[in-house]
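Please treat every number below as a calculation from the coordinates, not as lab data. Here the structure is a predicted model, which is why all the values come from computation and not from measurement. Note that each Cβ is placed from the backbone with ideal geometry, even for glycine, and that neighbours are counted across all protein chains shown.
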């Protein structure tokens, strides 16, 4: 019987702490501002940027392939002594 009396304040404190934490979380959830709206317009014809040009992609792909070939060839070299 003595052990149950020692655990009673601990159980009460843990339930109180859990209740307080749940209450604070609900206050935080209700405090969120739901009136903001985001307007996204994807139908713009402002010319974009340089990355919309096809030659930029072709040159970038060519440079990438050249770097890839150079790196892969460098790993296969052998030294003859």
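Below are the figures for this structure:
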| item | result |
| --- | --- |
| Sorted by Cβ neighbour density within 10 Å, fewest at the top, the residues 22, 35 | 35, 22 |
| Estimated inter-spin distance, residue 73 and residue 53, nm [label 7 Å along Cα→Cβ] | 2.8 |
